[in-house]
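This report concerns only the one structure given below.
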Amino acid sequence: MKRNTIILGALLSAAAATAAPEYVNIATPNTSLILMTDSAAAPALLYYGPAVADPVQAALAAPENRRTDAYPVFGNYPEGESALSLTMPDGNMTLVLEQKGSPRVTSEAGGATVTSIPLVDRHYPVEVTLNYRTFPGEDVIETWADITNRGKKPLTLTRFDSAALPFASADAWLTSLYGSWANEARVNTERITPGMKVIQNKDGARNSHTSHGEIMISLDGRPSERSGRVIGAALVYSGNYRLRINSDDRGNSQLFAGINPDESAYRLMPAETFTTPALALTFSDSGMGEVSRRFHRWGRNHHIAHGTEVNPILLNSWEGVYFNIDEPTMAGMMQDIADMGGELFVMDDGWFGRRDSDNSSLGDWEVDRRKLPHGLKWLTDEARKKGVRFGIWIEPEMTNSNSEFYKKHPDWILRAPNRDIVEGRGGTQLVLDLANPKVQDFIFNLVDTMLTNNPEIAYIKWDANAPVMQYGSPYLPADRQSELSIRYHRGLTDVLRRIRAKYPDVAIQACASGGGRANYGLLDYTDEFWVSDNTDALQRLGAQWGTSLFFPAVAMGSHISAVPNHTTYRVVPLKFRCDVAMTGRLGMEIQPRDMSAEDRDFCRKAIAEYKKIRPTVQLGDLYRLVSPFDGKGACSLMYVAPDKSQAVYYWFRTNNDYSAPLATRTPMDGLDPDATYKVTELNAIDLTPLPYEGKTFSGKFLLDNGLEMRSNHDLPWGKKVDYCSRVLLLEKQ
Ligand code: GLA
């Protein structure tokens, strides 16, 4: 990073002879990002942190009196890391940028601004515009770059990060997510050490199973929920990404984030602009919890489709009946979820072609009349009669090698010339070539026809159960093969944008073998994502905790499923399963007919309780209290309504080991200290109520002390269980 560093003092005195540097303060109410601009150089990023009124002070106090390029490019002194690298038509691989004209500031609704700083190469016709959009209500800044070829010949982009961000700390820590199928969103916390830390994805189609394009950087030592300065960064992208943190021996670091450049060289044609995805940044001086809440608000207000509305309580057919779909079963499930107070029934995989297992029929999107002789209309009619809405599963980016579709369109799948095709799920699954506009039209028309013919379809579960398995697009010309990953995601988001424009009210869930599509790149078009195929309630506590670092509950599908669990075979009591599902967008994924009348009744009551707290859970502020990753034998969190009139407190015992520590009491958070709250246990099963049931407490007392959790359920002998969970409703009096 040395290359991008210029001694600020020297620059200030040199500049004093010509024009004084100007400072651009990209400000939200509580944060500032300060750039120094002058006509002789590219802008420097001097500061990102708590709001600063006078940018000169931030400049003078910059670490080690130095400046770092806001958008480092590969050019002179190539030993440093760069955000942008390209090859000019004459083979020149260096860029030397300088500012061309003043920053442009555009005002947007709600007090937001977009500041654009135009840069040009000193010799070549290349323009780079750095953009910063503020979200004052949420203290978030989105930044991205536009790279334009003003020349007459194509040039080749080989690296195209969205942004770079310098930070300095002698004890900086990184919090990131990692995992795999059925083990999504594990939290990793590590000290940032000298050298390069890389977090990346190369799946091609999905991008959040193994790692995430969102991170937090804690500047004051080991991360804490409630204290310390923390930077949050989230890439708004659904495709392959790469995040790099490059650190020197003195605690000076730079974060780079953007589209993964591996095998992705991009030919930029004359007059073409390459717009990077945005990197969303936020900063809190009071820990990770506030970073999460800012991202949640920003997500709900500006990205997540229908993010400011509560999502319905649904029953999904998958774990209940898998591919065994037929009319009486579907109608029965609709009746059962209606009887339990649910609002939506989703028919999952198995309704089309000859889809009796996962090895056929994707692409053959005709209703399987063996299973559903009266077609989709019959199902939407039934749903209406039963008082629930109807949703349907599709996996439109995929086909199977034995499908009719593939026979007709063998050139519409991703494959490389002169290679055997590589097949995925079921031994036959193939990925469509979303770079091809005809494929994009096919997918749009599929959804368009389905929704036009069946206007009562209210929800689509959009799945993607394969990575790109062979790199090659029959559509793209030879010199554009390396653009496949980028063009796939442009194609995907273009199709979703068209669907959204025509069907703004339809809800869409992004699913990808579970949690493969938990990203802000798709949430502009989707209402929620499926967190994980692992529905084991104990495991879900971890997956949902990790996911909550960046995504709000309204976007997190969380379902009550059967026991033994279909992934872990663990037998978790129904109350615990309900309580965990009630921390997210509650749903069910079970065959209700396989449940006892008593269990169905419990779910009916839990759904009724959830409706009381749903706006607070889905649209309120999350406070994480005890992490399931911290070995305290418990997990605890709460949601508080924005006006603090209602809160929901959750406590889960995660370890039934009497020799291990158990956090039974922790101060609450987010409440109004001056208010009085009445405590009511929801989903209560104990023979004797909790000592504080129906009692009132001051907000201050709860914030200072919390409430002691009874860590076993008081149940009759023979009905005692090795799990315990509590959901407390706190209502302002
Ligand atoms: C994926 C999804 C599941 C289910 C199946 C259907 O695995 O994650 O929820 O929809 O596909 O085949």
Looking only at region 464-482, and only at residues there that are in a loop (DSSP other than H, G, I, E, B), open to solvent by 10 Å² or more (accessible area, probe 1.4 Å) and within 22 Å of V236 (Cα to Cα), the one that is farthest from the ligand (Cβ to nearest atom) = V468
Would you check if there is a residue in region 210-228 being within 23 Å of Q470 (Cα to Cα) and assigned to a strand (DSSP E or B)?
-> yes
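Could you say whether any residue in region 493-506 is away from the ligand (no atom under 16 Å from the Cβ), open to solvent by less than 10 Å² (accessible area, probe 1.4 Å) and touching a residue at least 60 places away in the same chain (Cβ under 8 Å)?
Our first condition is that a residue be away from the ligand (no atom under 16 Å from the Cβ); within region 493-506, this holds for 493-506.
Right, trim to open to solvent by less than 10 Å² (accessible area, probe 1.4 Å) and you get 495-496, 499.
If we keep only those that are touching a residue at least 60 places away in the same chain (Cβ under 8 Å) too, we end up with 495.
Checked region 493-506: at least one residue is away from the ligand (no atom under 16 Å from the Cβ), open to solvent by less than 10 Å² (accessible area, probe 1.4 Å) and touching a residue at least 60 places away in the same chain (Cβ under 8 Å).
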Region 311-346 - residue that is assigned to a loop (DSSP other than H, G, I, E, B) and within 11 Å of the ligand (Cβ to nearest atom) and, of those, farthest from the chain's Cα centre (by Cα) = F323
Would it be correct to say that S561 is of a type outside the set (D, E, K, R), at pLDDT 95 or above and under 21 Å from R206 (Cα atoms)?
-> no
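Suppose we filter S485, S513, S558 for residues that are open to solvent by 10 Å² or more (accessible area, probe 1.4 Å) and within 16 Å of the ligand (Cβ to nearest atom); which single one remains?
Working: S485 fails: within 16 Å of the ligand (Cβ to nearest atom); S558 fails: open to solvent by 10 Å² or more (accessible area, probe 1.4 Å).
None of the others qualify; the one that does is S513.
Quick one: which of Y241, Y237 is among the aromatic types (F, W, Y) and open to solvent by 10 Å² or more (accessible area, probe 1.4 Å)?
Values: Y241 fails: open to solvent by 10 Å² or more (accessible area, probe 1.4 Å).
Criteria check complete, one pass: Y237.
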When you go through (1) out of contact with any Ser or Thr (no Cβ under 7 Å at 6 or more places or on another chain); (2) open to solvent by less than 20 Å² (accessible area, probe 1.4 Å); (3) aromatic (F, W, Y) one by one for F576, which number turns out not to apply?
-> (1)
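Looking at region 537-560, which of the residues that are assigned to a loop (DSSP other than H, G, I, E, B) and out of contact with any Lys or Arg (no Cβ under 8 Å at 6 or more places or on another chain) is farthest from N519 (Cα to Cα)? Lay out the reasoning, then the answer.
Initially, region 537-560 is screened for residues assigned to a loop (DSSP other than H, G, I, E, B), giving 549-552.
Filter once more, keeping what is out of contact with any Lys or Arg (no Cβ under 8 Å at 6 or more places or on another chain): 549-551.
Values: L549: 12, F550: 9, F551: 8 Å.
Looking at the filtered set, the residue picked out is L549.
Look through E127, E190 and report the one residue that is within 30 Å of R300 (Cβ to Cβ) and open to solvent by 10 Å² or more (accessible area, probe 1.4 Å). Before you say what the answer is, go through the steps one by one.
Details: E127 fails: within 30 Å of R300 (Cβ to Cβ).
Within the list E127, E190, the selection yields E190.
Given region 347-438, what strands (runs of 3 or more DSSP E) lie entirely inside it while holding 1 or more residues that are open to solvent by 20 Å² or more (accessible area, probe 1.4 Å), at negative phi and in contact with a Leu (Cβ under 8 Å, 6 or more places away or on another chain)? It would help to see each step written out before you state the result.
Working: elements: 389-394, 398-400, 429-431.
Fully inside region 347-438 and qualifying: 389-394.
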Determine if region 691-698 includes at least one residue that is crowded, with 19+ Cβ neighbours inside 10 Å and in contact with an Asp or Glu (Cβ under 8 Å, 6 or more places away or on another chain).
-> no
Within region 77-98, count every residue that is in a loop (DSSP other than H, G, I, E, B), of a type in the set (D, E) and under 23 Å from L255 (Cα atoms).
-> 2
Are any of the residues in region 642-655 open to solvent by 20 Å² or more (accessible area, probe 1.4 Å) and over 30 Å from G299 (Cβ atoms)?
-> yes
Return yes when K719 is open to solvent by 10 Å² or more (accessible area, probe 1.4 Å), basic (K, R) and not in a strand (DSSP E or B) and no when it is not.
-> yes
Those residues of region 198-229 that are open to solvent by 40 Å² or more (accessible area, probe 1.4 Å), among the β-branched types (V, I, T) and more than 17 Å from N183 (Cα to Cα) come to a total of 1
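On the given criteria, is L687 more than 24 Å from Y610 (Cβ to Cβ) and either modelled with pLDDT of 95 or more or part of a loop (DSSP other than H, G, I, E, B) (or both)? It would help to see each step written out before you state the result.
Numbers: more than 24 Å from Y610 (Cβ to Cβ): no; either modelled with pLDDT of 95 or more or part of a loop (DSSP other than H, G, I, E, B) (or both): yes.
No: the conditions fail for L687.
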Log entry, pairs with first residue in region 147-159 being assigned to a strand (DSSP E or B), second being surrounded by fewer than 22 Cβ atoms within 10 Å (Cβ to Cβ) and acidic (D, E), beta carbons closer than 6 Å, six or more apart or on different chains, reads T148/E127; N149/E272
Check L702, L622 and return the single one that is in contact with a helix residue (DSSP H, G or I) (Cβ under 7 Å, 6 or more places away or on another chain) and crowded, with 19+ Cβ neighbours inside 10 Å.
-> L622
Among the numbered conditions (1) touching an Asp or Glu at 6+ places or on another chain (Cβ under 8 Å); (2) over 19 Å from R186 (Cβ atoms); (3) within 14 Å of the ligand (Cβ to nearest atom), tell me where E528 comes up short.
-> (1)
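Condition check ((1) touching a helix residue (DSSP H, G or I) at 6+ places or on another chain (Cβ under 9 Å); (2) under 30 Å from L155 (Cα atoms); (3) modelled with pLDDT under 95) across all residues:
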| position | (1), (2), (3) |
| --- | --- |
| E456 | yes, no, no |
| P467 | no, yes, no |
| I499 | yes, no, no |
| V506 | yes, no, no |
| A518 | yes, no, no |
| Q539 | no, no, no |
| T547 | yes, no, no |
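Filter region 1-24 down to the residues that are under 39 Å from the mean Cα position of the chain (by Cα), within 30 Å of P194 (Cα to Cα) and either modelled with pLDDT of 80 or more or open to solvent by 20 Å² or more (accessible area, probe 1.4 Å) (or both) and list them by number. Steps first, answer last, please.
We begin by selecting, within region 1-24, every residue under 39 Å from the mean Cα position of the chain (by Cα); these are 1-8, 21-24.
Subsequent filtering for residues that are within 30 Å of P194 (Cα to Cα) retains 1-8.
The answer is M1, K2, R3, T5, I6, I7.
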Determine the pairs where a residue that is farther than 26 Å from S357 by Cα and among the hydroxyl-bearing types (S, T, Y), located within region 450-476, has a partner that is more than 16 Å from the ligand (Cβ to nearest atom) and assigned to a loop (DSSP other than H, G, I, E, B) with Cβ atoms under 6 Å apart, the partner being 6 or more residues away or on another chain.
-> S473/D433; S473/A435; Y475/D433; Y475/A435; Y475/N436
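Scan region 122-142 residue by residue and report those that are charged (D, E, K, R) and within 21 Å of the chain's Cα centre (by Cα).
Pass one, region 122-142, residues charged (D, E, K, R): 122, 127, 133, 138-139, 142.
Matches in region 122-142: R133, E138, D139, E142.
The values are calculated or read from the model by the stated rules, or taken from the named source; none is laboratory data. None of the values given here were measured: they were computed from a predicted structure. For neighbour counting, all protein chains shown are included, and Cβ atoms are generated from backbone atoms with ideal geometry for every residue, glycine included. In case anyone asks, the SASA skips ligands and DNA or RNA and just uses the protein heavy atoms, side chains included. Shrake-Rupley method; radii C 1.70, N 1.55, O 1.52, S 1.80 Å.
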